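What follows is calculated from the coordinates using simple rules that are stated; it is not laboratory data. Just so it is clear, the model here is predicted, and its values are computed rather than measured. Neighbour counts run over all protein chains shown; Cβ positions are idealised from the backbone, glycine included.
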């Protein structure tokens, strides 16, 4: 699917990560020193942040949203829609967005919506927010909160997942503004045939939760996990990203008639530094244009792109034509070209 | 590229402690894992502009089989 928007902009963006830093030596029990070094060299992660037991994704999202609402001059009643996007919501029922609507003291005349989406979630959530904002009156706003605590669903004895993921959140304010000069372009792809490449097998209504869901199994590489832990077919996901992402980015540039050389920065989902560099090579994009912060935060699912924005606010201030690309569970992938020249970027907060 | 240079480069890149021969089965090495596979893909891609995918990685056995996969014409 291809979309083009005008008269809608991202007014502000704020973000938040938990205070607990988990360094790579934490995984000394499941990886040798040499393996950890090679992990750093290839995947590029040095540390990530994990919430403590009593902190949820919505708590991180709340902090980011409060930061945005306190520092951006707006009338809260102009927020007509609140979207909460996460794979680790507070409850199965009700929406976490409803809980946040109350916590943030937003108007009751509002559309609250939860979206369950993974690493492509930032692009998917932005597209949804832009479409909603476009349908509002001038000045109407959508508050899009994206938050993830994958640390809660990882098996700490599964080398194929546990070192990779980190927690974080971002709050993004999208606004209908006819005076805005910025145009935005999106494209999306899905491949349900590989739906099981990244999954939590039990706990939904296809495989309901039973005693058996907690049974720990060991795979041929010695990884231990139960059926409520995140499971990832690494090689399949790896192949998918190397095969699909670069051509889909080229296609968006072609569809939107934007020259690659006019893009100031490329913000790719921070899943694996090796993959990001391979995609950069395919696109013939120099490393100075490819922003990377996976070393600090690991893979924070859909939150990785907003974290990349807030940790590079200085660079983006004067060079605001960006291309963003998200890809992951589903399998889903999507890209967008945005201009952030009218976007207020707040510095990263620690919770 | 000379086969010998390729093999010593491979040994260095993957930080393999034993001496690699054309007959060495890469999958039998203690060092072989998903990170080694990434290093291998990166090395081959940088040196030959050939992208190995997960299927080709699965099919690799010996160093010679890897060389054949890259293409014998690329070696002298």
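Prolate is the label for region A:241-304. Its Cα gyration tensor axes, ordered a ≥ b ≥ c, give a/c of at least 1.5 and a/b above b/c. Specify the angular offset, from 0 to 90 degrees and rounded to the nearest 10, of the alpha carbon long axis of helix A:234-255 from the longest principal axis of the alpha carbons in chain A. It is inclined by approximately 20 degrees. With N counted as the residues of region A:143-295, its alpha-carbon radius of gyration over 2.2 N^0.38 Å works out to 1.28. Over the protein assembly as shown, dividing the summed -39,500 (n - 2.57) contributions of all DSSP H runs of at least 4 residues by the number of residues returns a 222 nm mean residue ellipticity of -9500 deg cm²/dmol. Over all pairs of different C-alpha atoms, region A:1-70 has a mean inverse distance whose reciprocal, the Kirkwood radius, equals 15.6 Å.
Which of rounded, prolate, oblate describes region A:212-262, given a ≥ b ≥ c as roots of the alpha-carbon gyration tensor eigenvalues and a/c under 1.5 marking rounded, otherwise prolate only if a/b is larger than b/c? The shape class here is prolate. For region A:136-186, averaging the sequence separation of C-alpha pairs within contact (under 8 Å, six or more residues apart) and dividing by the residue count gives a relative contact order of 49 percent. Counted by neighbouring Cβ atoms within 10 Å, the residues B:38, A:1, B:69 run from fewest to most as A:1, B:69, B:38.
For region A:30-140, the average shadow cast by the Cα convex hull is 9.7 nm², which is a quarter of the hull's surface. Extent of chain A along its three principal axes (Cα atoms, max minus min coordinate, largest first): 59, 46, 36 Å. Averaged over the residues of peptide B:52-62, the number of Cβ atoms from other protein chains lying within 10 Å of each residue's Cβ is 2. Per-residue Cβ neighbour counts within 10 Å put A:333, B:32 in the sequence B:32, A:333, beginning with the fewest.
Taking only Cα atoms, what is the 0 to 90° angle, nearest 10, from helix A:57-71's long axis to the longest principal axis of chain A? That helix lies at roughly 30 degrees to the long axis. Normalising the average separation of contacting C-alpha pairs (under 8 angstrom, six or more residues apart) by the number of residues puts the relative contact order of chain A at 28 percent.
Mean per-residue shielding of peptide B:21-33 is 1, counting Cβ atoms of other chains within 10 Å of each Cβ. Output the relative contact order of chain B, whole-number percent, from Cα pairs under 8 angstrom with separation of 6+ residues. Computed over chain B, the figure is 40 percent.
Mean partner shielding of peptide A:37-46, defined as the number of other chain Cβ atoms within 10 Å of each residue Cβ, is 3.
Fewest neighbouring Cβ atoms within 10 Å first, the residues A:322, B:63, A:142 line up as B:63, A:322, A:142. For chain B, a/c is less than 1.5, where a ≥ b ≥ c are the root eigenvalues of the C-alpha gyration tensor. That puts it in the rounded class. Among B:2-12, A:4-14, the peptide with the highest mean count of other Cβ atoms within 10 Å heads the list, and the full ranking is A:4-14, B:2-12.
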